[in-house]
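Reviewing the structure listed below.
The values are calculated or read from the model by the stated rules, or taken from the named source; none is laboratory data. Just so it is clear, the structure is predicted and the values come from calculations on it, not from any experiment. Every residue, glycine as well, gets a Cβ built from its backbone with ideal geometry; the counts of neighbours run over all protein chains shown. Just the protein is used for accessible areas: all its heavy atoms, side chains included, with ligands, DNA and RNA removed. Shrake-Rupley method; radii C 1.70, N 1.55, O 1.52, S 1.80 Å.
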Amino acid sequence: MTRDHKLEFLEQIGGIKGLSDILKTNIEKGIYGDDADLLKRKNAFGSNTYPQKKGRSFWMFLWEAWQDLTLIILMVAAVASLVLGIKTEGIKEGWYDGASIAFAVILVIVVTAVSDYKQSLQFQNLNEEKRNIHMEVIRGGKRVNVSIYDIVVGDVVPLNIGDQVPADGILITGHSLAIDESSMTGESKIVHKSSREPFLMSGCKVADGSGTMLVTSVGINTEWGLLMASISEDTGEETPLQVRLNGVATFIGIVGLTVALLVLVVLMIRFFTGHGKDPDGKIRFKAGKTSVSDAVDGAIKILTVAVTIVVVAVPEGLPLAVTLTLAYSMRKMMADKALVRRLSACETMGSATTICSDKTGTLTLNQMTVVDAYVGGKKVDPPENKSQLSPKLLSLLIEGIAQNTNGSVFIPEGGGDLEVSGSPTEKAILVWGVKMGMNFDAVRSESTVIHVFPFNSQKKRGGVALQLPDSEVRIHWKGAAEIVLSSCTAYIDGNDDIIPMDDEKALLFKKAIEDMAASSLRCIAIAYRSYEMDKVPVGEEELSRWSLPEDDLVLLAIIGLKDPCRPSVKEAVQLCQSAGVKVRMVTGDNLQTARAIALECGILGLDEDAVEPTLIEGRVFREYSVEEREKHVEKILVMGRSSPNDKLLLVQALRKKGHVVAVTGDGTNDAPALHEADIGLSMGIQGTEVAKESSDIIILDDNFASVVKVVRWGRSVYANIQKFIQFQLTVNVAALIINVVAAISSGDVPLNAVQLLWVNLIMDTLGALALATEPPTDHLMHRSPVGRREPLITNIMWRNLLIQAAYQVTVLLILNFRGKSLLDLKHDNAEYANKVKNTIIFNSFVLCQIFNEFNARKPDEVNIFEGITKNHLFMGIVAVTLILQIIIIEFIGKFTSTVKLNWKQWLVSVAIGFISWPLAFVGKLIPVPETPLHKFFLRFSRHTNPQSTET
């Protein structure tokens with residue numbers, strides 16, 4: 001019936017009442033909702049979940065990992081080396097080199113596959129969390145908050161603007177209820193729901209109005225469930241930073257390949273012209289004398305040398321480092337109450353230059369209470385003191401509070417505390433009504449609701465039309481105090497007389513509103529008017545389009561609600577300001593309330609002259625021309641009485657001025673601004689599903705301090721990637737230069753393929769893990785934001801990289817060409833001396849990288865050891881790397897073409913590595929000028945980013 005929208009069948013079974021009887025539910029109180037009832041319903045109708053396509057298996061990641069071009073080249077090299085080794089040295093010892101390369105390649109493939117698979121699982125878990133929406137349902141007469149997965153057939157679900165329809169169902173009651181069914185039908189058409197068109201489809205969004213629905217089918221039995229079960233969410237999103245790094249890695253790979261080909265050509269020419277010599281000084285190839293077999297062996301050895309250069313040149317670890325950093329940051333941000341919906345937001349947040357924040361619930365606690373009230377033309381103190389109010393005035397006020405609300409008051413049958421539900425504003429007003437003696441259910445039953453105008457953030461008010469027992473019609477309005485007051489032509493005094501609103505009294509009420517606002521209170525006015533029954537539209541369709549009269553209102557009360565600032569917000573705002581991130585407050589409250597809260601939060605300084613345009617009304621900003629907006633936008637710190645469209649205009653103007661804008665929002669109408677901003681931050685508690693869908697990050701606790709934590713993590717992502725780039729490129733540049741120079745000059749390389757694979761493995765994977773998981777520090781929040789046009793490799797990084805690479809290349813090339821004499825190896829066997837020399841070069845090179853890992857932690861700070869003990873993972877990885885290196889040299893050297901070293905030779909290696917520490921310290925004292933190389937990479941790094949605004 002629901003899927004095919006069979007209205008005739010619904011009417012045959014007695015309409016919504018007949019259907020509720022069949023489903024054993026009450027359309028007002030819902031199902032009973034105990035565990036036994038829920039289990040019975042799940043067994044009968046299924047649960048509100050759907051089978052999801054399994055993610056890719058580990059074997060798929062393994063399959064993808066080995067298809068890397070470099071690894072394929074290495075596999076070919078492993079086979080060639082194996083064949084060559086067995087041929088020249090026999091099967092007993094000749095398999096070492098080939099097997100070692102094969103083992104290293106397999107290890108690289110497995111480590112890459114495991115890393116990617118773990119990140120895939122993590123992203124799946126985050127997606128599951130993203131889909132786990134919490135909603136209110138009515139069970140046993142009270143509203144309870146449940147997961148969308150726990151909704152069962154027969155549940156009665158209240159729907160408000162911005163909600164997602166959680167399952168298929170039938171409309172029970174609705175007021176101006178409009179549903180956006182584009183997610184199901186593909187057409188961006190808003191469908192108005194009524195008793196003639198009552199069918200609601202799961203997955204659609206409430207575009208306007210409010211209502212309640214009866215759930216008729218859940219999970220796989222809904223259209224949405226069938227659709228979602230047939231698709232799987234793609235978690236392979238590449239962020240702009242990953243795209244840039246892939247470009248950099250590709251570029252460096254091309255350079256490495258070019259150099260390797262050049263070396264191959266040079267060595268082949270040297271070999272076949274008789275200039276190539278072995279370690280004993282014997283010429284390797286003599287035309288007409290060397291056999292074809294030996295010539296082929298020599299050519300394969302040269303090919304292996306070229307392959308090692310490719311191995312060292314390609315920085316495979318760069319994209320992996322981004323994946324590790326993002327995954328680590330996402331997990332930690334989750335602990336800091338931020339759920340990342342789009343990966344790219346992690347890195348973009350680090351570049352944010354301004355945050356446009358909501359007031360209510362973000363800067364404030366969203367725990368409202370009525371602390372001030374003007375009722376009957378005079379102040380009531382305390383506000384719940386009903387003895388100062390006349391019976392008719394009290395009755396009208398309580399009627400307006402009880403009927404003109406989306407909230408409810410539940411009284412437990414066995415006694416106990418009242419349970420009040422609704423938005424924080426509505427809860428505060430309902431609690432105030434209860435304190436004045438309101439019996440919620442009794443008042444609601446005394447009159448019939450004809451039509452509802454749900455609260456609208458554009459008009460900033462909501463209304464309800466009631467039919468009383470004597471057929472009189474009464475319309476109640478509630479909303480922003482000065483807006484409702486402007487529609488009032490009279491007020492009720494303490495004697496129940498309706499007094500016309502003269503200028504003097506209007507000024508008195510305005511003054512009361514200003515005083516409340518100056519005390520940072522949110523001001524709400526409650527008013528009503530009588531209406532003639534014969535003017536009320538008769539048909540359901542006409543009634544749904546009826547605009548409630550909003551003129552000639554009679555003022556009942558003006559109340560002030562206190563919503564205190566969050567305790568941590570002032571420090572958070574100050575932290576943002578010291579980080580070069582300007583915080584702007586955009587609120588629907590009036591200008592005086594906004595000003596008071598902004599002063600309390602530190603957005604406005606006490607000595608600041610809070611005048612236009614620093615403090616501006618949304619209406620004024622809206623009326624500016626485009627040029628005026630751009631001229632004044634950077635001065636605006638507080639915008640009051642703003643509509644969602646004003647927020648959008650503000651974001652657009654700021655972005656045009658080159659700002660990277662983060663926006664917080666919770667309402668359905670905030671969706672355009674959230675979408676337009678560089679980073680949209682929706683609220684997890686108060687945010688509507690529409691707002692969450694349009695956002696990049698969901699702040700789970702609605703707290704501004706969590707927004708600042710996101711900025712810290714965003715900066716940390718970018719900083720950690722830069723640390724790893726500096727570290728990785730130092731390794732690549734040094735190893736490439738050492739091998740190229742040695743190969744061209746002597747025809748051999750000191751660092752062979754197995755050794756370089758080991759270096760790549762520990763530096764790419766373990767190094768990435770160590771540097772990618774550096775937690776954010778306060779130092780990050782004392783820098784300016786990274787601009788859109790900022791290069792990935794900064795001047796400071798170039799300085800550190802070039803100093804370290806120059807040191808490593810110089811020392812290791814000296815060891816390569818003068819090592820035998822310096823290390824007193826002249827009297828030893830030439831082949832053994834060569835192996836010792838190459839082992840010391842390899843060991844020194846690895847130790848240089850271990851010590852350089854410490855330098856890379858703090859590229860722009862002198863004290864590289866600050867906070868080192870807190871990062872247990874970093875210390876663990878350094879220790880593991882060191883232990884593995886000792887094992888390789890001392891115990892399994894034959895597999896890596898190395899020999900055991902004595903304590904003096906170990907001391908030489910440690911000393912070479914250790915010197916890089918003081919060198920880094922001295923290097924940081926050198927100024928960093930612009931260089932042509934830096935300008936080239938700046939230009940290149942921009943062009944490799946397809947999402948760059950400049951491109």
State which residue is farthest from the chain's Cα centre (by Cα) when the search covers only segment 148-204 and only residues that are closer than 25 Å to Lys29 by Cβ and of a type in the set (S, T, N, Q). Ser195
Any chance Ala830 is of a type in the set (A, V, I, L, M, F, W, C) and in contact (Cβ under 8 Å) with a residue 60 or more places away in the chain: yes
From Ser47, Ser81, which residue is open to solvent by less than 50 Å² (accessible area, probe 1.4 Å), over 30 Å from Leu324 (Cβ atoms), part of a helix (DSSP H, G or I) and hydroxyl-bearing (Ser, Thr, Tyr)? Ser81
Does Asp748 fit the bill of being assigned to a loop (DSSP other than H, G, I, E, B) and in contact with a strand residue (DSSP E or B) (Cβ under 6 Å, 6 or more places away or on another chain)? no
For the condition in contact (Cβ under 8 Å) with a residue 60 or more places away in the chain and farther than 20 Å from Phe704 by Cα, what is the one hit in Ala557, Ala610, Ala653? Ala557
Do we find that Glu426 is in contact with a Leu (Cβ under 8 Å, 6 or more places away or on another chain) and part of a helix (DSSP H, G or I) in this structure? no
In segment 624-649, the residues that are of a type in the set (D, E, K, R) and either in contact with a Gly (Cβ under 7 Å, 6 or more places away or on another chain) or closer than 20 Å to Asp589 by Cβ (or both): Arg641, Asp646, Lys647
Pick from segment 601-642, criterion acidic (Asp, Glu) and modelled with pLDDT under 90, ranking: least open to solvent (accessible area, probe 1.4 Å): Glu608
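Would you say Val144 is in contact with a strand residue (DSSP E or B) (Cβ under 9 Å, 6 or more places away or on another chain), open to solvent by less than 20 Å² (accessible area, probe 1.4 Å) and of a type in the set (Val, Ile, Thr)?
The answer is no for Val144.
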Show the residue pairs meeting these rules: Cβ distance below 6 Å; 6+ apart or different chains; first residue within segment 771-785 and assigned to a loop (DSSP other than H, G, I, E, B); second residue at pLDDT below 85. Thr773/Tyr328
Taking segment 849-869 as the search range and keeping residues that are of a type in the set (A, V, I, L, M, F, W, C) and free of Cβ contacts under 8 Å to residues at least 40 places away in the same chain, which one is most open to solvent (accessible area, probe 1.4 Å)? Phe865
Exactly one of Ser568, Ser578, Ser547 is modelled with pLDDT under 95, hydroxyl-bearing (Ser, Thr, Tyr), open to solvent by 10 Å² or more (accessible area, probe 1.4 Å) and over 40 Å from the mean Cα position of the chain (by Cα), and that residue is Ser547
Filtered residues of segment 712-745 (kept if aromatic (Phe, Trp, Tyr) and open to solvent by 10 Å² or more (accessible area, probe 1.4 Å)): Trp713, Tyr718
For the structure I just gave you, tell me whether Gly479 is touching a residue at least 24 places away in the same chain (Cβ under 8 Å), within 25 Å of Leu363 (Cβ to Cβ) and assigned to a strand (DSSP E or B). yes
Examine segment 515-533 for a residue that is modelled with pLDDT of 90 or more, closer than 18 Å to Val380 by Cα, open to solvent by 70 Å² or more (accessible area, probe 1.4 Å) and charged (D, E, K, R), and state whether such a residue exists. yes
Restricting attention to segment 858-901, report how many residues are in a loop (DSSP other than H, G, I, E, B) and out of contact with any Lys or Arg (no Cβ under 9 Å at 6 or more places or on another chain). 5
